[in-house]
Each structure stands twice: as C-alpha cells, then as structure tokens.
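**Student:** Sharing a structure below in structure tokens format, with a few things to ask.
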Amino acid sequence: MTNPQQATRRDAHDLLGGLLMAILGFAAAWYAHGHYELGTPRNMGPGFFPFWLGLLLGVLGVLIALPALVRPGVRIAVAWRTLACVIGSLVLFAAALKPAGLVLATAASVLLASLADRSIAWRTRLIAAAVIAALCWLVFSLALGMVLPVWPWSV
C-alpha cells in the first residue's frame with residue numbers, strides 16, 4: 001500500500017483548486033456576458049459585476065494553478081466516506097424535501113452528513129438534527145415566510 005503523503009512532482013491541491021476556480025470564474029463571466037447587459041463603469045448593467053468578478057476569479061485560479069505545475073506537493077488523499085456522506089446528504093435533502101417536508105428532510109440530511117465523523121455520539125447527532133431542523137423551520141417558514149412543505153401531510 002502506498003503512503004498518501006508521498007511526494008509528487010506537482011502540487012496537486014493547488015493545481016486542482018486553481019483549475020476549479022478558473023473554470024468556475026470563466027464560466028460565470030461567459031454566462032454573464034452572454035445573458036446580461038454589461039453596461040459601462042458609469043452606467044452598470046446587471047451583468048457588470050458577475051462578469052468582472054467571474055473574470056477576476058478565473059484569473060486568480062490560473063495564478064494559483066500555474067505555479068503548482070512546477071512546485072512539489074503531496075498526493076491527494078480522498079476521504080471517500082466523508083465525501084459520500086456529505087454529497088449523499090445534499091441529494092437526500094433535495095429528494096426528500098417535497099415528499100417528507102422541511103423538518104424531516106433536514107433532520108435526515110443532518111443525520112446522514114454526521115455519519116462522516118465516526119467520533120460523534122448518536123445522542124449528539126440526534127440533538128444536532130433536531131436543533132438544525134427547528135432552526136430551518138424558524139428561519140425559512142416563519143421568519144422569511146417561504147412556502148415550503150413543513151411536514152409530509154402539509155404538502
């Protein structure tokens with residue numbers, strides 16, 4: 001088995017992070033340029049800030065990624081369990097919101113995401129799920145007045 005901290009010829013962390021920043025930034029700038037009026041600095045349109053901020057993010061991403069091509073680094077060690085739990089919790093929330101309601105979908109998502117850390121006790125997981133679900137209900141349903149199904153029977 002290989003050591004995950006084994007040295008590599010390139011700094012993979014900065015290379016990957018910089019490339020992702022560049023792709024996201026340039027995509028945002030391209031989208032803003034194609035879908036919104038940019039205007040001028042004196043008379044800014046709705047696409048002015050998204051375009052320039054996307055361009056800035058893209059350039060910064062390139063400036064991070066380029067030096068990483070020649071700088072040594074360590075291998076990327078992926079925590080697959082953590083990745084699966086966090087992404088799974090997002091997918092679970094999206095799939096469960098309408099049929100189960102905000103409270104149950106939030107609680108289930110928090111419970112699934114908490115499985116990423118094995119050191120958390122089940123009592124703590126359940127308390128966190130209940131508190132976060134209650135806060136989501138308070139903020140989104142009561143304070144903001146968003147029309148969301150709160151429970152399965154309130155759809």
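Readers should treat all values here as calculations from the given coordinates under stated rules, not as data from a laboratory. If you're wondering where the values come from, they're calculated on a predicted model, not measured in any experiment. Cβ coordinates were reconstructed from backbone atoms using ideal geometry, including for glycine residues, and neighbour counts include every protein chain displayed.
**Student:** Can you tell me which condition A22 does not meet? The list is (1) closer than 30 Å to L148 by Cβ; (2) surrounded by 15 or more Cβ atoms within 10 Å (Cβ to Cβ), and all the others hold.
**Tutor:** That leaves (1) as the condition not met.
**Student:** Regarding G88, is this residue buried (at least 18 other Cβ atoms within 10 Å of the Cβ) and either touching a helix residue (DSSP H, G or I) at 6+ places or on another chain (Cβ under 7 Å) or charged (D, E, K, R) (or both)?
**Tutor:** no
**Student:** Still on this structure, I have one more. Out of R75, R118, I need the residue that is in contact (Cβ under 8 Å) with a residue 24 or more places away in the chain and either small (G, A, S) or on the phi < 0 side of the Ramachandran plot (or both). Which one?
**Tutor:** R75
**Student:** Need pairs with beta-carbon distance below 7 Å; first residue surrounded by fewer than 13 Cβ atoms within 10 Å (Cβ to Cβ) and within segment 124-151, second outside any helix (DSSP H, G or I); sequence gap 6+ or separate chains.
**Tutor:** W151/G101
**Student:** Here's a follow-up. Just one of A108, A116 is assigned to a loop (DSSP other than H, G, I, E, B) and closer than 24 Å to A79 by Cβ; which is it?
**Tutor:** When all the criteria are applied, what remains is A116.
**Student:** When you go through (1) within 24 Å of the chain's Cα centre (by Cα); (2) without any contact (Cβ under 8 Å) to a residue 24 or more places away in the chain; (3) farther than 30 Å from I132 by Cα; (4) loosely packed, with under 15 Cβ neighbours inside 10 Å one by one for G34, which number turns out not to apply?
**Tutor:** Unmet condition: (1).
**Student:** Another question, then. Restricting to segment 63-117, count the residues that are polar (S, T, N, Q) and over 30 Å from A22 (Cβ atoms).
**Tutor:** Total satisfying the criteria: 3.
**Student:** State which residue is farthest from the chain's Cα centre (by Cα) when the search covers only segment 74-109 and only residues that are among the β-branched types (V, I, T) and under 19 Å from L138 (Cα atoms).
**Tutor:** Once the filter is applied, the top-ranked residue is V103.
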